[in-house]
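Taking it in order: structure first as structure tokens, then the write-up.
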Amino acid sequence: MHPIDFFWRAAERWPQRIAIDTPQGGIRYDALARRVAALAAGLQAMDAAPQSRVGICAGNSADHIAALLAVLACGKVWVPLNPKSTQPEIGRILDATEPSILLCDAGGAALLEGAAVSPLAFGEGVAALEQAHADVLRPALELPADVVQAIKFTGGTTGAPKGVMQPVRAWMAAIANQIQAWGLDADDRYVMAAPITHGTSTYVLPILAQGGCLVVLDGTGAEAVRAAFRERGGTVCFMPPTLIYMLMALPGASREDFPRLRRLIYGGAPMPPEQIRKARAFFGPVLCTTYGQTEAPQILTVMRPEDFEDESLWSAVGRATWFSDLAIMAPDGRLLPRGEVGEVVARGDLLMSGYWRLPGQTAATLVDGWLHTGDRGLIDARGYLHLKDRLRDLVITGGFNVYPVDVENALSQHPAVQECAVFGIPDAHWGEAVQAAVQLRPGQQADEAQLIAFVRQRLGPVQTPKRIHLHASLPRSPVGKVLKSAVREMALAAAH
């Protein structure tokens, strides 16, 4: 069985159900299946070589969903190209992966100018390919479990992005875990708030496998997301914490705007306990989270709504999911007992097979079957993983270890703070000095001295930032993550 078989079986079981709800209308499973089969045959006709790469540069749409499914259906390797990226970055990915086929929407076309392969545009171009192969049998697949299904590039918030080879087995494990973790069924309607090129891709097949519906937004931004819940019956959604904060801050927003919401899954960044309290008070007992990386997609651990009932677990990201082992490792390679802090490591079916054409970095990251995540944390007595920080983010000031997440949690308790990032910069006296970048809530005020005093009262002098930089808007990656590297560079520039 292959990942695409989840869709084929669902289309046979629920042919008349709506698979994709778009602003222009619904697309039934049987119609989507015919389209995917034709496009898969067309892609195979364009390039019969097995495991050739197909790049897709597009925003969320029914066309994008069909194209992704078609790539999987013909046994090729999906290379997602973020339409909010830059042309040089897209070019770097194309040079590295050498796709033989490029698909795009109107927005993605500009980013693909000058590519070695002429892109085929959604609309007339892709429609003609589908029509030409409408009566061709869909390609038959015989793919080993370790063959590459996708090459997804890491976010690059803390370093240079790398092409992660996600094998078929990792996709199968992720699909099974998503269905099991959230109890997905045919009544679920997944609101596509996050990009298909990133987190939403891991929800497409689990939702379709169960006969659910993918809801494509009518527009962009928090207002469009609210409308999808309020007017189109959204039940499940994955989004970064930043978007959750924006939804709560919309004028007139209330729980009544989300009448069928039962799973609000956040990821990509931690949510401080005070923000968890506010989100649960606003949305009800629907908040949940997962922990994963591109190297172990999305769902190494899961934290369900019932786990959030215990406030002592708000610093956790859940327990290990099926098909994966999770452990904490010391620098010398010893596995540490529960309660001790070290590097989070994982092994099992969910892991990548390596970095695309980077054998040295692959060998440094996959050691004796264990994926070294680069995250520091501990596993408590009940098996819940509590993250501290990226190993490289640990600040050693005056000989003391300061975990930025602890300081961020304290800062986030201030009523004027919407979001923050804590980091270290070189300091002649302390070795490193703790500093923070803060974005205030609209209409709220606080100055640097007030925020420093606020943290000092809660954490003491060692963990209190020496400087707090106020930003009208924190710099973010295309998927909404705060770029610690960028705010750190800005702080360094201000110090000189």
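The values are calculated or read from the model by the stated rules, or taken from the named source; none is laboratory data. These figures come from a predicted structure and were not determined experimentally. So basically every Cβ, Gly included, is an ideal-geometry build from the backbone, and we count neighbours across all protein chains shown.
Count, please, the residues in region 50-99 that happen to be part of a loop (DSSP other than H, G, I, E, B) and surrounded by fewer than 18 Cβ atoms within 10 Å (Cβ to Cβ).
5
Which ones in region 1-20 are surrounded by 20 or more Cβ atoms within 10 Å (Cβ to Cβ) and either in contact with a helix residue (DSSP H, G or I) (Cβ under 6 Å, 6 or more places away or on another chain) or part of a loop (DSSP other than H, G, I, E, B) (or both)?
Pro3, Ile4, Phe6, Phe7, Ala10, Ala11, Ala19, Ile20
Show the residue pairs that are 6+ apart or on different chains and have beta-carbon atoms under 9 Å apart, the first residue being within region 179-206 and touching a residue at least 60 places away in the same chain (Cβ under 8 Å), the second being aromatic (Phe, Trp, Tyr) and assigned to a loop (DSSP other than H, G, I, E, B).
Within 9 Å, the pairs are Gln180/Trp322; Ala181/Trp322; Ala186/Trp14.
Looking at region 201-268, what strands (runs of 3 or more DSSP E) fall wholly within it and have at least 3 residues that are closer than 21 Å to Gln293 by Cα?
Where strands (runs of 3 or more DSSP E) fall fully within region 201-268 and carry at least 3 residues being closer than 21 Å to Gln293 by Cα, they are 236-239, 263-266.
Considering region 104-132 alone, what residues qualify as being part of a loop (DSSP other than H, G, I, E, B), of a type outside the set (Gly, Ala, Ser) and surrounded by fewer than 19 Cβ atoms within 10 Å (Cβ to Cβ)?
Glu113, Val117
Being part of a helix (DSSP H, G or I), modelled with pLDDT of 95 or more, over 14 Å from Val77 (Cβ atoms) and of a type in the set (Phe, Trp, Tyr), is that true of even one residue in region 162-182?
Yes.
Can you go through Gln457, Gln450, Gln413, Gln439 and tell me which one is within 23 Å of the chain's Cα centre (by Cα) and of a type outside the set (Gly, Ala, Ser)?
Gln439
Could you list, in sequence order, all residues of region 31-43 that are under 21 Å from Met192 (Cα atoms) and either over 27 Å from the mean Cα position of the chain (by Cα) or surrounded by fewer than 18 Cβ atoms within 10 Å (Cβ to Cβ) (or both)?
Correct list: Ala31, Arg35.
Would you tally the residues in region 227-250 being crowded, with 22+ Cβ neighbours inside 10 Å and modelled with pLDDT of 95 or more?
Residues flagged as crowded, with 22+ Cβ neighbours inside 10 Å and modelled with pLDDT of 95 or more within region 227-250 amount to 8.
Could you grab me the full set of residues in region 453-478 that are assigned to a loop (DSSP other than H, G, I, E, B), touching a residue at least 24 places away in the same chain (Cβ under 8 Å) and either crowded, with 17+ Cβ neighbours inside 10 Å or not β-branched (Val, Ile, Thr) (or both)?
Result: Gln463, Thr464, Pro465, Lys466, Ala472, Ser473, Leu474, Ser477, Pro478.
I'm checking my understanding of the structure. Among residues of region 251-273 that are at pLDDT 95 or above and of a type in the set (A, V, I, L, M), which one is surrounded by the fewest Cβ atoms within 10 Å (Cβ to Cβ)?
Per the stated criteria, the residue is Ala253.
Looking at region 479-496, which of its residues are buried (at least 16 other Cβ atoms within 10 Å of the Cβ) and assigned to a loop (DSSP other than H, G, I, E, B)?
Correct list: Val479, Gly480, Lys481, Leu483.
Give me the residue from region 184-220 that is closer than 25 Å to Met1 by Cβ and of a type in the set (D, E, K, R) and, out of that set, surrounded by the most Cβ atoms within 10 Å (Cβ to Cβ).
Step by step, filter region 184-220, then rank; the result is Asp188.
Before we move on, is Gln450 among the polar types (S, T, N, Q), modelled with pLDDT of 95 or more and part of a helix (DSSP H, G or I)?
Spelling it out, Gln450 is indeed among the polar types (S, T, N, Q), modelled with pLDDT of 95 or more and part of a helix (DSSP H, G or I).
Out of all the residues in region 382-389, is one or more more than 25 Å from the chain's Cα centre (by Cα), surrounded by 17 or more Cβ atoms within 10 Å (Cβ to Cβ) and under 23 Å from Val462 (Cα atoms)?
Checking region 382-389: not a single residue is more than 25 Å from the chain's Cα centre (by Cα), surrounded by 17 or more Cβ atoms within 10 Å (Cβ to Cβ) and under 23 Å from Val462 (Cα atoms).
Enumerate the strands (runs of 3 or more DSSP E) found wholly within region 293-353, keeping only those where 2 or more residues are touching a helix residue (DSSP H, G or I) at 6+ places or on another chain (Cβ under 7 Å), surrounded by fewer than 23 Cβ atoms within 10 Å (Cβ to Cβ) and at positive phi.
Because the criterion is at least 2 residues that are touching a helix residue (DSSP H, G or I) at 6+ places or on another chain (Cβ under 7 Å), surrounded by fewer than 23 Cβ atoms within 10 Å (Cβ to Cβ) and at positive phi, no strands (runs of 3 or more DSSP E) in region 293-353 meet it.
When both residues are 6+ apart or on different chains and their Cβ atoms are under 8 Å apart, which pairs have a first residue that lies in region 87-106 and is on the phi > 0 side of the Ramachandran plot, and a second that is outside any loop (DSSP other than H, G, I, E, B)?
Glu98/Arg53
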